[in-house]
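Taking it in order: structure first as structure tokens, then the write-up.
Only the coordinates and a few stated rules stand behind these numbers; no lab work does. Quick caveat: nothing in here was measured; it's all calculated off a predicted structure. Quick reminder, even Gly has a Cβ in these numbers, built from the backbone with ideal geometry, and neighbours come from all protein chains shown.
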Amino acid sequence: MTDAPAPLIATTDERLVDDGMRWCAAVGATPQLAHDLTGVRRAWRTAAAVVVGEDLVEEIARAALPRREHVLVVAHDPDRWWPTAVALGATAVCRAGDEDRAVELLSAALDGTGEACVVSVVGGAGGAGASTLTAALGLAARRRHLRPLVVDADPLGGGLDLVLGAERAEGVRWEDFGATRGRLDAASLADVLPARDGVSHLAWAREGPRRLPQSWSAVLSAAVRAYDLVAVDVPRHLDDAGIEIIGRSVLTLVVVPEEIAAVAAARHLLAAVRRGAPAVGLVSVRRPSGIGPTAVADALELPVLARVRPDRRVRGAVDRGHGPRRSRSLRRVAGTVLDALGLEP
């Protein structure tokens, strides 16, 4: 985080400068200072956040600078300055004495990048290999020097940590978020999640009931700010959480074995997926004497983005704790997906 852009304090009010310096110190940042429009123009685009004093609000608003996020106006009479703040593009107006609110807004601006690509993976039929593909996406992202997180959101699955060979890795599981309330810090989340070979994962504990905690949405939001790729293994029987997850995903992959029965099952699943997913892609799984990827695409009226050629060694590798990292087919498929998403090295 040492190379992260600094906040900007724009004001001629020395008291506000002192307040802003204190707020920034509370979130571990050293701000830039600007006392006029020229200084504001210089740092407007690159600053992590902009704190504007009421003495410069009108001048900056008249300058019609490009719209940006994380602009805070500080004023003695917030109600008076709201119309001008809106014209400026500010997301909040607070009093100088409202330190908690100011620190909260600065913390949000500095907490991660907020740019992770979320991908959901759903099995079109039982045993299609959604968990294995989810793990492969994380491994492929790491090979590209990205920061990946793979998430097990399927309480009835065998466990994504087992697929990765990381069930003994130290860190928090879903159950540990049961008492979590409110917004989560992205950097703190990344610090406590278990990882293996550079791939962080969020899975279930081996024992006890499995259900997503009420805070799951806040956990996912923090993950988006902390990582470059978040790949989620979503259960086939879509509940409210599953529907929301695919709705927040850039791409939802439906994994379909090249078999008539699997295609029939996938057709019912796709009806639900298409209602909430911004984009859907098929990954077909080759079967001996199967119907082939073209028939799958025609039956489901979607193109096949990639095709998995089953590798008998993968199951043994997973059983031995090596995960799917040695499968050339899965590596190729995961690479194709990352290329389609624009996630280059």
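General remarks:
- Put the Cα centre of the stretch 98-143 next to the Cα centre of the stretch 173-204 and the gap is 11 Å.
- Rounded to 5, percent antiparallel among DSSP beta bridges of the chain: 5
- Shape of the stretch 231-321, Cα gyration tensor, a/c cut at 1.5: oblate
- Sorting V250, V86, V199, V40 by the number of Cβ atoms found within 10 Å of their own Cβ, with the fewest placed first, yields V86, V250, V40, V199.
- Relative contact order (%) - criterion: Cα under 8 Å, at least six apart; region: the stretch 121-250: 37
- Percent RCO, i.e. relative contact order, over the stretch 8-110, from Cα pairs under 8 Å lying at least 6 residues apart: 29
- The sum of -39500 (n - 2.57) across all DSSP H runs of n ≥ 4, divided by the residue count of the chain, sets its helix-only mean residue ellipticity at 222 nm to -12000 deg cm²/dmol.
- Of the Cα atoms belonging to the stretch 117-341, the radius of gyration and Dmax stand at 16.4, 52 Å.
- GNM remark for the chain: springs join alpha carbons under 10 Å apart, and the peak mean-square fluctuation among E59, E115, E167 falls on E59.
- Per the Debye calculation on the stretch 1-145 with a single equal scatterer at every Cα and no solvent contribution, log₁₀ I(q)/I(0) for q = 0.09, 0.16 Å⁻¹ amounts to -0.38, -0.78.
- Principal semi-axes in Å for the stretch 278-345 [√(5λ), Cα gyration tensor, largest first]: 23, 18, 8
- 3J(HN,Hα) from dihedral phi, the stretch 141-158, Karplus parametrisation 6.51/-1.76/1.60, rounded to Hz, x for glycine, proline: 5, 5, 5, 8, 6, 9, 9, x, 10, 10, 10, 9, 9, 9, x, 9, x, x
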